[in-house]
Every structure is written in C-alpha cells, then in structure tokens.
Amino acid sequence: MPESTAWAVAIVGILALLIPILIMGLVGRIGPRVRGEGNPDKRDVYECGIVPAVDARRRFSAKFYLVAVLFVLFDVEVAFLVPWGVVFRDLSTASWTAFLGMLLFLGLLVAGLAYVIRRGALEWE
C-alpha cells in the first residue's frame, strides 16, 4: 500500500473514532437537563397534542422482530437480482458462469426460505 494511502486510511480511522466521541461529549455538556425536577408536565410524553392512552414502553413479541429481520434479509438479497439482470446480456464470455452463480445464489435463498418456513418462523399466532 502506498504511503499516501496509508495516511489517508489512518486519518479516516482517527476521524471515525474522534467524531462520535466529540458528539457524545457535546450532547452531554450542552444537552437538556431534565432529571425529574421541576414541572411534571415537562416529563410527560407529548405527541401531536394527544395524551397517550397506554404506555409507549410496552413489550412486543420476539416474533415481530424475527419477521422484520427476515423481511429485511430476504429483501436485500432479492435486491441483488436487479443489477445482475441488467448486466446479464453484457456478460457474453462468462454468461454461463454468471448464470450458474446466480442459480447457486437463488438455491441458497430458497433453501434458507424453506428452512425458515419449516421452523415455523413465519407463522403468526
């Protein structure tokens, strides 16, 4: 790696560490300081002028999070199909290699989906 690239990587790494530390320090110093003193109305939840009917910190089923993560996982994997489909015709020499690679990818995707269905992760009760 050239020396200029090493310096650039070092500078980015240092900035990646220092900026979050600086932001958290500034928030702690200049952020609001409502710690239970004063007017109780300032501690109350306020959204659109409506007093909340239930506590916002209620528990959700772990099934909800599992379905959400599975949706994101399969959605991102399917998003890889679009660019592959766009450039497939341009892969003249390696078209069979690209096709077999995508078949392998889709096979793993279907196998993962079959596993999730068999385990009952998508059943909502």
Exercise for the section: Hey, can you tell me all the residues within region 78-115 that are β-branched (Val, Ile, Thr) and either at pLDDT 80 or above or in a helix (DSSP H, G or I) (or both)? Expected result: Val78, Val82, Val86, Val87, Thr97, Val110
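Against the condition surrounded by fewer than 10 Cβ atoms within 10 Å (Cβ to Cβ) and out of contact with any Cys (no Cβ under 8 Å at 6 or more places or on another chain), how does Glu77 come out, does it pass? Break it down into steps so the answer makes sense when it comes.
Details: surrounded by fewer than 10 Cβ atoms within 10 Å (Cβ to Cβ): no; out of contact with any Cys (no Cβ under 8 Å at 6 or more places or on another chain): yes.
Judged against the criteria, Glu77 is not a match.
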Practice task
Answer yes if at least one residue in region 28-44 is at pLDDT 80 or above and surrounded by 10 or more Cβ atoms within 10 Å (Cβ to Cβ), and no otherwise.
Solution key: no
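The values are calculated or read from the model by the stated rules, or taken from the named source; none is laboratory data. As the structure is a computational prediction, the values presented were derived from the model and not from experiment. Quick reminder, even Gly has a Cβ in these numbers, built from the backbone with ideal geometry, and neighbours come from all protein chains shown.
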